[in-house]
Structure formats: C-alpha cells, structure tokens
Amino acid sequence: MLSRRHVLSLLAAAPFTPALTACAPGDLPDPIAAWRDPGAGEADPRRYALAHAILAPNPHNRQPWLVDLIGENELVLSADLERLLPATDPLDRQIVLGCGAFLELFDLACRANNRRAEITLWPEGEPQPRLDQRPIAHIRLFEEPTRKDDLFDQILNRRTNREAFEDRAIADETMSEAARQALWPWAPPDVGATADGSPSTTPAPSPFRIEWTRTPDALAALRTLAWNGFDRECRTPAAYQESVDLMRVGRAEIARNRDGIALEGPMIEFAKATGLLTRESLADLDNRFTRDGIEAWRPLAESAPTYAWLISRDNTRATQIEAGRAYARFNLAATAAGLAMHPWSQALQEYPEIADLYAEARRLTGTQDGETLQMLVRAGYGPTIGPAPRRGLREHLRA
Ligand SMILES: Cc1cc2nc3c(=O)[nH]c(=O)nc-3n(C[C@H](O)[C@H](O)[C@H](O)COP(=O)(O)O)c2cc1C
C-alpha cells in the first residue's frame, strides 16, 4: 500500500521537477536527446544554431517555435498558435518572452560558429492584443569572424530549478555580475541591489532593469506573494486546468509529448499504474493528495534566499522579445555563477482573477506606471538537476 507520506512526496516533488535521467521506454523517442551534443555534424549553420535555440527556457515548456528555412542563409521564426497558453497568458506576453529566449540562444550559437545573425523583429508588424500568423522574426546569417560569448558555454548546463534552495545568501556582487551579463547588449545597463529592500524608483535609461532583494522584510513579502500567486492559480479553474492538461504523467507520456509539465519517477509510475494518480485526481482540488501536493510548493517559495525581477520601460512585442533575451542571458549567467534560478510567474499574469496580486507584485517591485514587470524569479543555491524534455529540431521545421 502506498503510504500517504509517499504519495505526498511524489506529488510534491514530481509535478514540476522534470529530472529526466533515464531513456524512454520501448521505441519511444528519448525526451532529452536534444541536449546531447546539439548541432553535431550539422553543415547548415542555421540548423546548428536552431539545435541550440530549442533548449531555451519557455513557459510551461510549450516550445511554440515554428521555423521556415528560406534559400541558403535565411529563416523565419513564427509562433505555433496551437501552443499558446490562453488561460494563464491571455495576451501571449510570456509566450513571446520564450520566443525571445529562443532568439538569444540562436544568436549565441551563431556567434560561436562565426556567423552574424541579422534579426528583423516583427517584419509584418506587431500583433496585438493576441499573436496571429504574422512572423516574429526574419533572420539572415552572414559568415564573418565573430567573438564567442562565454554564455554560450552554459546553454547545456542551464536549468529551471524547482528544488528547495539552500539557506545561503547570494553575494550582491554575484547578482550584479549576472545582471550585468544579462543586460550587456543594452548599454548602459542599469542594475542594482535594493540595499534597504525598497526597490529603486529611478527610471532606467536602458530598456530594462534587473533588481533583487534579500533583505528580510522585502524577501518575506515576495515569498508570500509568490506562494499566494501559485495558490490563486490553482484555485482558478481555467488556469489550473490549463496546467493539468499539460501534465505528462509517467515516462511513456513524457516521451510521446516531450513538452509540458513532466511528472516522472518510480512513484509516479506506480501511482499511475494503480489508478491512484489520474488526470481527474490531479484536476480535483478536493483530492487530499493533490491538495497536499500543491501545498508542498509553499516551502519552495520560502526557501529562496533572493528574489530577482526584470522590468521593462514599455511592453511592445519587440520589448517582450528583448526581455526574453535578457532573461535567457540572466539564467545562463546565473548558471555560470553556480546559481539555481526558478521563474515564479503566477502573480505577473494578466487574467482577471489574479489582478490584485498583479498589482501587489508591481508595488513590491517598484514597477512604475507605463512599465511592465516581465519576470520574477527566485534564485539560490540548489541541487543539480537533469534537463527538461525537448521535442527535437525536426518538430519545429515547416516543410
Ligand atoms: C516567461 C517564462 C515564464 C515562466 N514561468 C514559470 C513559472 O511560473 N513556474 C515555473 O516553474 N517555471 C516557469 N518558467 C520556466 C519554464 O517552465 C521552463 O523554462 C520550461 O519548463 C523548460 O525547462 P528548462 O528551463 O529547464 O529548460 C517560465 C519560463 C519563462 C520563459
């Protein structure tokens, strides 16, 4: 008999902790194959860069990237409109950030391969208020000597880490350096710790600012906000169901889909096989195990020694792309510094049921009128984890 403690730890640890280590069962594809030597043997520099780009962080691991290769040295990136998150991301802002992260990894891989990528964003105009068929970017590659960015070397090491973090402070210099590298392409970078815990209100000259706090009061408020956002999302039926629909339960389901929220491990297999863990039970907040599993996220919110956030001066689609690029760089730079990072986005989302927490998130981070709070992450020192699934380059290429 499965003990309550076992099921709790299974539900608590597994849903958003895709530490995939084993190969896929049977003839199913290996969900982490894309992480092994990406682009190896690729003669086409576009495909080499794309093999790295698909390893980008992206909301709910939807991987909504469609690519048309054109001629010898051009390509067009579009969003896969079947892979949006309408309930939790009704304006597609987060999806666009994930496309920005994709472009940043693409660019890093180009520069590591003596190619310059000329990226024209939204060549047919910016779709508002939702994404449509119009392309995100037209890209042309030029062969020329380029300097490799050190962040390229972190692409395979980068993770979203949903483990509890150590009770160990991060030095401000470590955060400053990660923020500096994140914002490096946009000069002059405006980064800074909020020494007394009250976020800076000085308008930034750069398109973004990255700030963080680790002072007790500000940290306590952000931990509470993070947990309340998570809890509110779970209690908002459409938003929670969107996550449940994207849960991939067990190795076979993960291998077949290679996206979404992976629930993996021996206990998951056992609970699934015995009928204890079903899609219905996951969707049922009155189910004791589901409820306790959700509750197990509280200590994650609380174990963060630092919360950091990224604010943009406006919220155009181009800015959202650049914010996604900056976040990818922040995550990579943190990786280089030995830091774990975990976005915590619920209170930043734009659906009505969370509006009060959205306002609270803006207040706590000092987001001014006209500015947009694009990312909120917890950062700290955490255990090493495995990579999240990827569908593989072939799935992104249109015929
Ligand atoms: C805009 C954006 C928002 C995200 N929000 C969350 C979040 O709220 N909670 C979470 O656990 N992960 C969040 N993530 C991380 C993704 O779920 C993660 O990138 C994806 O599952 C792939 O895993 P990987 O980053 O380890 O490759 C977010 C990522 C992005 C780019």
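Laboratory data are not the source of any read-out in this text; all were calculated from the coordinates shown. Bear in mind the structure is a predicted one, so any value in this text is a computation, not a measurement. Note that we place each Cβ from the backbone using ideal geometry, even for glycine, and neighbour counts take in every protein chain shown.
Quick check on packing: order 114-120, 210-216 by the mean number of other C-beta atoms within 10 Å, highest mean leading.
By packing density, highest mean first, the sequence is 210-216, 114-120.
Tell me the net charge near Glu295. Cut-off is 11 Å between Cβ atoms, Glu295 excluded, with +1 for each Lys or Arg and -1 for each Asp or Glu. Here the count lands on +1. Assuming charge only on the beta carbon of Lys and Arg (+1) and of Asp and Glu (-1), the dipole of the chain about its Cα centre is about 640 debye to the nearest 20.
Using Stokes-Einstein with the Kirkwood hydrodynamic radius over Cα pairs, what translational diffusion coefficient do you get for the chain at 10 °C and a viscosity of 1.306 mPa s, in µm²/s rounded to a whole number?
74
Name the residue farthest towards the positive end of the dipole of the chain from the options Phe289, Asn61, Leu81, assuming +1 on Cβ of Lys and Arg, -1 on Cβ of Asp and Glu, about the Cα centre. Farthest along the dipole direction, towards plus: Phe289.
Less than 5 angstrom separates the built amide H of Arg115 from those of Glu144, all sequence-distant by 5 or more or on a different chain.
Please state the Cα pair-distance histogram of region 33-155 with 5 angstrom bins from zero: what percent is in each bin? For region 33-155, the binned pair fractions read 2, 11, 21, 23, 19, 13, 7, 2, 0 percent. Per residue, the convex hull around the alpha carbon atoms of region 216-260 comes to 90 Å³.
Here the convex hull built on the C-alpha positions of region 312-376 has a volume of 91 cubic angstrom per residue. Residues Phe289, Phe165, arranged from fewest to most other Cβ atoms within 10 angstrom of their Cβ, appear as Phe289, Phe165. Can you find, among Ile70, Pro90, Gly125, the residue sitting farthest towards the positive end of the charge dipole of region 33-155, where Lys and Arg contribute +1 and Asp and Glu -1 at Cβ? Result: Pro90. Taking a ≥ b ≥ c as the square roots of the eigenvalues of the alpha carbon gyration tensor, region 277-337 is prolate, as a/c is not under 1.5 and a/b beats b/c. Add +1 for every Lys or Arg and -1 for every Asp or Glu among the other residues with Cβ under 14 Å from the Cβ of Leu225, and state the total. Charge balance near Leu225 sits at 0.
Scoring 337-348, 316-327, 153-164 by mean Cβ neighbours within 10 Å over their residues and listing the highest first yields 316-327, 337-348, 153-164.
Based on DSSP, what percent of beta bridges with both residues in the chain are antiparallel, to the nearest 5?
Numbers: 34 of 41 bridges.
In the chain, DSSP labels about 85 percent of beta bridges as antiparallel.
Dipole size in debye (nearest 20) for region 33-155 around its Cα centre, Lys and Arg Cβ +1, Asp and Glu Cβ -1?
Numbers: 14 positive and 21 negative charges, 38 e Å.
Using Cβ point charges on Lys, Arg, Asp and Glu, region 33-155 gives about 180 debye.
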